[in-house]
Ligand code: SAM
């Protein structure tokens with residue numbers, strides 16, 4: 001008998017995964033090993049939580065919907081040790097959660113309306129995250145993994161690829177969920193880079209430069225970046241002032257953001 005009575009909430013992006021074969025593929029992608037610290041974002045009715053718990057014996061889950069907490073705890077009885085943090089994931093300090101011990105492995109079929117904020121929140125804590133296996137709208141995964149020159153290469157691609165290796169894994173059709181979303185989904189793996197190899201010296205400046213560059217993506221760098229740097233700096237970073245942001249590789253943005261500010 002199911003412990004879950006409340007109908008899915010659209011406002012919380014609740015599309016519950018029901019297709020066993022995709023659940024198995026996600027568990028396989030996570031492939032938990034003894035000692036791993038698994039943290040799931042948005043466990044919902046436990047589609048991924050319970051199989052992971054069965055395999056690993058222990059897991060922390062962050063869920064915002066109060067109606068799901070008790071049924072989820074009940075479902076986990078006798079399966080493994082489940083700790084639920086009843087909170088908005090954007091208010092969870094992963095660095096505190098890691099508490100200076102082993103790095104966290106994040107997993108989640110993310111609420112699609114919050115997927116970008118969750119990704120940006122996670123990269124702020126990249127130093128305490130070993131890897132992430134996330135399901136998102138396929139369109140978002142395409143943008144995350146896009147390369148320069150692609151129509152969908154943008155702020156999300158540059159910000160994520162600067163801090164993580166991004167690997168799309170597989171596509172999941174709407175029919176795998178209840179209720180089905182309107183669009184295809186995809187699972188992606190993100191592995192934070194070694195902090196010493198990232199090369200971003202001033203994260204805030206980097207964020208500012210990338211935001212400006214793609215804020216007006218039709219414009220040349222000279223124009224789009226006029227409020228944050230001048231033509232000499234663009235050239236000093238080895239970039240062409242008449243290029244557009246969508247043609248600039250991640251390393252180019254890093255070089256530009258690392259230049260000393262002008263007066
Ligand atoms: N993991 C389940 C599955 O695969 O069936 C549910 C996935 S559902 C797409 C997204 C889940 O995230 C829901 O359980 C929803 O309540 C939860 N959620 C939505 N907003 C959240 C937030 N801000 N913080 C934490 N969880 C949230």
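The values are calculated or read from the model by the stated rules, or taken from the named source; none is laboratory data. This structure is a prediction, so every number in the text was calculated from the model and none was measured. Every residue, glycine as well, gets a Cβ built from its backbone with ideal geometry; the counts of neighbours run over all protein chains shown.
Structure notes:
- Residue count for region 36-54, restricted to those that are surrounded by 17 or more Cβ atoms within 10 Å (Cβ to Cβ) and more than 17 Å from residue 109 (Cα to Cα): 2
- Boolean, residue 85 is in a helix (DSSP H, G or I), surrounded by 15 or more Cβ atoms within 10 Å (Cβ to Cβ) and within 12 Å of the ligand (Cβ to nearest atom): no
- Listed by first and then second residue, the pairs linking a residue in region 41-56 that is under 11 Å from residue 76 (Cβ atoms) and at pLDDT 95 or above to a residue that is within 10 Å of the ligand (Cβ to nearest atom) and assigned to a loop (DSSP other than H, G, I, E, B), with Cβ atoms under 7 Å apart and 6 or more places separating them unless they lie on different chains, are 49/43.
- Hey, residue 96 away from the ligand (no atom under 13 Å from the Cβ), at pLDDT below 95, over 24 Å from residue 169 (Cα atoms) and out of contact with any helix residue (DSSP H, G or I) (no Cβ under 7 Å at 6 or more places or on another chain) or not: no
- Positions within region 14-35 being buried (at least 19 other Cβ atoms within 10 Å of the Cβ) and assigned to a loop (DSSP other than H, G, I, E, B), in sequence order: 14, 15
- Residues that are within 12 Å of the ligand (Cβ to nearest atom) and in a loop (DSSP other than H, G, I, E, B), drawn from region 36-81: 42, 43, 44, 45, 46, 47, 48, 64, 65
- Residue check, residue 131 more than 13 Å from the ligand (Cβ to nearest atom), closer than 19 Å to residue 170 by Cα and touching a strand residue (DSSP E or B) at 6+ places or on another chain (Cβ under 7 Å): yes
- Which listed residue is over 30 Å from residue 7 (Cβ atoms) and touching a helix residue (DSSP H, G or I) at 6+ places or on another chain (Cβ under 7 Å), from 176, 165, 186, 213: 213
For every residue, the table says whether it meets (1) within 14 Å of the ligand (Cβ to nearest atom); (2) surrounded by fewer than 19 Cβ atoms within 10 Å (Cβ to Cβ); (3) within 9 Å of the chain's Cα centre (by Cα); (4) at positive phi.
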site: 91; (1), (2), (3), (4): yes, yes, no, no
site: 103; (1), (2), (3), (4): no, yes, no, no
site: 121; (1), (2), (3), (4): yes, yes, yes, no
site: 145; (1), (2), (3), (4): no, no, no, no
